[in-house]
1. Give me a comma-separated list of calculated 3J(HN,Hα) values for segment 80-85, in order, Karplus coefficients 6.51, -1.76, 1.60 applied at θ = phi - 60°, integers in Hz, x for any Gly or Pro.
2. From the phi angles alone, apply the Karplus equation (6.51, -1.76, 1.60; θ = phi - 60°) to segment 99-105 and give each ³J(HN,Hα) in whole Hz, x where the residue is Gly or Pro.
3. Over all directions, what mean area does the Cα convex hull of segment 34-87 project, stated in square nanometres?
4. Which distance in nm do the two modelled labels at E64 and R91 give, with both placed 7 Å along the Cα-to-Cβ direction?
Amino acid sequence: MRTAISQSLLAESSRCITMYTNAHSGVSMADSSTVTIRLSSHAKEQLAELADRTRRSRSFLAAEAISAYVERELSIIEKVERGRADVRAGRTTPHDEVMREARTIIEAARTRQ
């Protein structure tokens, strides 16, 4: 059974977490917009569990996950595009040459052992 003091501390810690989340999420209400997504029931349940365990809102967690995913995917696409540009510009090394050099390095490492 919770005492009045523990309930008060719990309520205060909840306010602190909410204030921290709002102050450190990096997105103000003016900078945000609403997006509706469809999730499987399982994913929705997991999101609710994570929100409960971390004392964060489902919306905050979903926004963080989407932001991280988009940032990672855009980075990958940028690197692929740079690689394609290198190929078009002839800034590549033939596969046979790379393999020959790799075998030389591996053989040198084996002889040192």
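1. Going residue by residue, I get 5, 5, 5, x, 5, 5 Hz, with x marking Gly and Pro.
2. Going residue by residue, I get 5, 4, 5, 4, 4, 4, 5 Hz, with x marking Gly and Pro.
3. Numbers: hull surface 20.0 nm².
Average of the hull's projected areas for segment 34-87 equals 5.0 nm².
4. 3.7 nm
Laboratory data are not the source of any read-out in this text; all were calculated from the coordinates shown. Since the model is a prediction, treat every value here as computed from it, not as a measurement. Cβ: placed from backbone, ideal geometry, glycine included. Neighbour counts: every protein chain shown.
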